[in-house]
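The structure appears below as structure tokens.
The values are calculated or read from the model by the stated rules, or taken from the named source; none is laboratory data. In this text the structure is predicted, and so the values were computed from the model without any measurement. Note that we place each Cβ from the backbone using ideal geometry, even for glycine, and neighbour counts take in every protein chain shown. Just the protein is used for accessible areas: all its heavy atoms, side chains included, with ligands, DNA and RNA removed. Shrake-Rupley method; radii C 1.70, N 1.55, O 1.52, S 1.80 Å.
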Amino acid sequence: MRIKFLVATVIASLLSSTFAFAEEEGGFSGNVTIASDYSFRGISQTGLLPAIQGGFDYELDNGFSFGTWASNVNYGDGTSQELDLYVGFSTELNDSTSMSFSLIQLEYPGEGNAYDYQELVAGLDISSLSLGFVYSPSYVGVDDWQFTAVTLGYGSTLGENVSFSAGMGINSADNITEGEDSYIDYNVGVSFPVNGLDIGVTVVGTNIDDNDDAAGRLVLSLSKSL
């Protein structure tokens with residue numbers, strides 16, 4: 001709860017201190033996506049059903065940014081929506097290296113509000129490689145369930161218009177009452193533009209056994225940047 005208030009306070013501070021010059025130095029961006037599945041760290045959040053997703057961001061030239069993103073979900077208990085709010089900061093260390101930090105509040109309105117939680121994310125990009133670290137003090141709303149993830153990603157272009165990406169994450173959740181549990185997720189995909197839209201074809205999955213929502217599968221997506 002304290003971090004939730006911190007997110008709101010930081011966003012309000014950014015708005016009050018930077019909006020006077022944001023019109024000149026920053027800019028809005030947005031996106032909307034239709035996907036065959038909402039995969040989050042390799043696990044389906046929609047029960048392998050399609051998802052409609054979208055978000056808006058505002059980025060300032062001083063490195064700060066804030067925004068929101070939403071998607072439908074299906075946990076089988078009446079939870080139907082995820083709404084993310086974030087504030088972040090990024091800076092370039094040199095021509096090929098940059099660092100970023102984000103504070104994210106994940107909200108599940110209505111029946112799913114017990115799942116609300118926060119994540120702290122740090123990232124380091126070196127040329128085509130990216131390294132990330134994620135920490136949550138109360139994963140999916142459980143006070144004594146701490147979560148960490150270390151991620152590694154790679155991105156490049158294939159030919160003139162095709163983008164290639166691959167990544168993996170080592171995820172670990174430590175529940176005081178049930179002990180530690182960990183798994184690996186992976187993703188490999190390509191995207192390419194067609195008539196102003198971006199088409200994505202991605203293979204995602206985990207090393208979790210006996211769980212269809214975490215098994216290897218193909219995710220198709222159609223996106224539009226606003």
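Please report the carbon-and-sulfur percent of the accessible area for region 91-198; probe 1.4 Å, protein heavy atoms only, DNA, RNA and ligands left out. The computed percentage sits at 57. Checking (i) 57, 33, 33; (ii) 41, 37, 34; (iii) 52, 47, 32 against Cα extents along the principal axes in Å calculated from these atoms, the matching label is (iii).
Considering only Ala166, Ala114, Ala51, the mean-square fluctuation computed in a Gaussian network model of the chain, springs between alpha carbons under 10 angstrom, is largest for Ala114. Mean sequence separation of contacting Cα pairs (under 8 Å, at least six apart), scaled by the length of the chain, corresponds to a relative contact order of 15 percent.
Based on protein heavy atoms only, the chain ends up with 56 Å² per residue of surface accessible to a 1.4 Å probe. Rolling a 1.4 Å probe over the protein heavy atoms leaves Ser223 with an accessible area of roughly 30 Å². A simple count of charges around Ala35, restricted to other residues whose Cβ falls under 13 Å of its Cβ and scoring Lys, Arg +1 and Asp, Glu -1, yields 0.
Taking the Cα centre of the chain as reference, the dipole from Cβ charges on Lys and Arg (+1) and Asp and Glu (-1) amounts to some 320 debye. Averaging the sequence gap over all C-alpha pairs within less than 8 Å and six or more residues apart, then dividing by the number of residues, gives region 62-108 a relative contact order of 35 percent.
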